[in-house]
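I'd like to ask some things about the structure below.
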Amino acid sequence: MYYVEKLEKLKKERNAIILAHNYQRPEIQDVADFVGDSLALAMKAKQTDADVIVFCGVDFMAESAKIINPDKVVLFPDEKAKCPMAAMIDAESVVKLKEKYGYDVVSYINTSAAVKAVSDICCTSANAVKVVESVPNGIIFTPDENLGLYVKRFVKDKDIILWPGFCPTHMGISLKDILKLKKEHPQAEVLAHPECTPEVIDIADKVASTEGMVRYAKETEAKEFIVATE
């Protein structure tokens, strides 16, 4: 309780808000002003009159919040909180791919500011298919290969070059584990993030971003879920 009161006092003194990603621990979400995915949080911050944004997430999320909110102070509580997938691609590699193929680069929001700067367009897991569909020519998709494979299920008329990056957490969710849980909970619906492997995507009842999962869980009549994400 002491820490909660201290946080509230500091927020008032600094005109600050606390943003927490869906993947944060419950106790962090409990003290946050807004909880959501990275882009939704950055956009939410844009709508407030706060001077200071405390972003509880990983490095690229805080960078994205700063890009969208250049006049606000963005504080990142733990500088060691890195996204392994974002670290699998760098700006130099993107430039070399563009020179090799001459294609537009579509980069997932889960990338550094440096990679975004040399990309042609950015996407989220929720709008990746629509973004790729909007690009008239061939595409270089970075950095998540699984998300790229998911996009290719719907976009079949374009040459899409995939960077071989991945989210270690979603790669670790195996088909065997899902089938085991499904056997234990036969009525449960499987909700999978598009960063999951194709095998997991194939058996999912719903493939969606974290925000999409929350929305679907509220709207569907199902009472039990197997959630294939963090």
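Read-outs: derived from the displayed coordinates by stated rules, not from any lab. Computed from a prediction, not measured in an experiment: that's the story for all the values here. We place every Cβ from the backbone using ideal geometry, glycine too, and count neighbours over all the protein chains shown.
Which of His185, His21, His170 ends up with the largest GNM mean-square fluctuation for the chain, with Cα atoms connected below 10 Å?
Judging by the Gaussian network model, the answer is His185.
Going by amide H atoms built from the backbone, whose H comes under 5 Å of the H on Ala228, apart from near neighbours?
Leu191, Ala192, His193
Let me ask another. Out of residues 5 or more away from Ile121 or on other chains, whose amide H comes under 5 Å of its own, with H placed 1.01 Å from N in the peptide plane?
Val105, Ser107
When the Karplus curve 6.51 cos²θ - 1.76 cosθ + 1.60 is applied with θ = phi - 60°, which whole-Hz ³J(HN,Hα) does each residue of the stretch 26-42 get, with x for Gly and Pro?
x, 5, 6, 4, 5, 9, 7, 7, 9, 10, x, 7, 4, 5, 4, 5, 4
A further question on this structure: Straight-line reach from Lys152: which lysines have Cα under 19 Å away, leaving out those fewer than 8 places along the same chain?
Lys130, Lys206
For each of Lys176, Lys98, count neighbouring Cβ atoms within 10 Å of the residue's Cβ, then give the residues from fewest to most.
Lys176, Lys98
Using just the alpha carbons, could you tell me how many Å³ per residue the convex hull of the chain encloses?
141
Multiply the residue separation of Tyr2 and Val31 by 0.36 nm, subtract the distance between their alpha-carbon atoms, and state the gained length in nm to one decimal.
Answer, rounded to one decimal: 9.2 nm.
State the Kirkwood hydrodynamic radius of the stretch 86-166 in Å, one decimal place, computed from all pairs of distinct Cα atoms.
This gives a value of 12.1 Å.
Return the lysines within reach of Lys44: Cα separation strictly under 18 angstrom, same-chain partners fewer than 8 residues apart disregarded; answer none if there are no such residues.
Partners found: Lys11, Lys66, Lys72.
Add +1 for every Lys or Arg and -1 for every Asp or Glu among the other residues with Cβ under 12 Å from the Cβ of Tyr3, and state the total.
Counting the neighbours of Tyr3, the net charge comes to -2.
Over the chain, what relative contact order in percent results from Cα pairs under 8 Å that are six or more residues apart?
With pairs under 8 Å counted, the relative contact order is 13 percent.
Would you mind computing, in nm to one decimal, how far apart the modelled labels at Ala188 and Lys130 are, each placed 7 Å from Cα along Cα→Cβ?
3.1
If you find the alpha carbon centre of the stretch 1-53 and of the stretch 161-190, how far apart are they in angstrom?
Measuring centre to centre over Cα atoms gives 30 Å.
Could you pull out the GluC sites (Glu not before Pro) across the stretch 41-138 that fall in loop regions by DSSP (anything but H, G, I, E, B) with no more than 14 other Cβ atoms inside 10 Å?
Listed in order of number, the matching sites are Glu79.
Using a/c under 1.5 as the rounded threshold, could you call the stretch 34-151 rounded, prolate or oblate? The axes a ≥ b ≥ c are square roots of the C-alpha gyration tensor eigenvalues, and prolate needs a/b larger than b/c, oblate otherwise.
prolate
Among Thr210, Thr169, Thr111, which one shows the biggest mean-square fluctuation in a GNM of the chain, springs joining Cα atoms closer than 10 Å?
Sorting by GNM fluctuation, first place goes to Thr169.
With +1 on each Lys and Arg Cβ and -1 on each Asp and Glu Cβ, and nothing else charged, work out how big the dipole of the chain is about its Cα centre, in Debye to the nearest 20.
Here the chain has a charge dipole of around 40 debye.
Okay, next question. Specify whether the C-alpha gyration tensor of the stretch 2-75 places it in the rounded, prolate or oblate class, a ≥ b ≥ c being the square roots of the eigenvalues: rounded for a/c under 1.5, otherwise prolate if a/b is larger than b/c and oblate if not.
oblate
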